[in-house]
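Nothing in this text is a laboratory measurement; each read-out follows from the coordinates by a stated rule. Note that the structure is predicted; figures quoted are calculated from it, not measured. All Cβ positions, even for glycine, are placed from backbone atoms using ideal geometry, and neighbour counts span all protein chains on display.
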Amino acid sequence: MIRIQTILHPTDFSEPSKYALDYALSFAEEYNASLRVLHVIEEVSSALYFDMLQAPPLAQLMADIEKQAQQAMEQLIASDLRARFRVETLIRKGVPFLEIIRCAEETKADIIVCGTHGRTGLKHALFGSVAEKVVRKAPCPVLSVRHPEHKFVMPA
């Protein structure tokens, strides 16, 4: 029998990610499992152009991004769902796929439930696929959920 006690749901707050959250919540309910929702903030390197653009200092920019991520996390899961499920929210900084894998190892996640944008072609080549890297390198099974609006189109 499969035992799922800990579910990890990485989120970038996109529609595909929110759609995958429904699957994570369903698993949490079915298996009476705890749910850890993770957002990874990609660190911005301090490049010279920040000074040229007269942007706020990098530390302030990262603090603002973290504050916005925390607010988005609080809005992501309604309070009635927080009462029904054991939910923990986590925010980390770094390379998304690496932090997702590290978090899965540290929390001993039994499954990762993540959304995928379904990018192909040039967009996939430029942006890569966090979900694809997680599937390849994760220490546990990964359920990759594609949003229904991102349908595969068979090449002619």
Just grab the label-to-label distance for residue 80 and residue 43, each label 7 Å out from Cα along the Cβ direction, in nm (one decimal).
-> 4.1
Rounded to two decimals, the Rg over Rh value of segment 60-104 from Cα coordinates and the Kirkwood Rh reads 1.04
Sort 1-7, 100-106 for me by packing, meaning the mean count of neighbouring Cβ atoms within 10 Å per residue, highest on top.
-> 100-106, 1-7
Packing-based ranking, highest mean first, of 70-80, 16-26, 132-142 given that Cβ atoms within 10 Å are counted = 16-26, 132-142, 70-80
Cβ-derived FRET efficiency at R0 30 Å, residue 58 paired with residue 26, nearest 0.05 = 0.15
Grab the beta carbon distance between residue 1 and residue 98, set R0 = 41 Å, and tell me the FRET efficiency rounded to 0.05.
-> 0.80
Among 60, 85, 75, pick out the residue whose Cα is farthest towards the positive end of the charge dipole of segment 58-100, where Lys and Arg carry +1 and Asp and Glu carry -1 on C-beta, about the Cα centre.
-> 85
For residue 86, other-chain or 5+-apart residues with amide H closer than 5 Å (H placed, Pro excluded) are 35
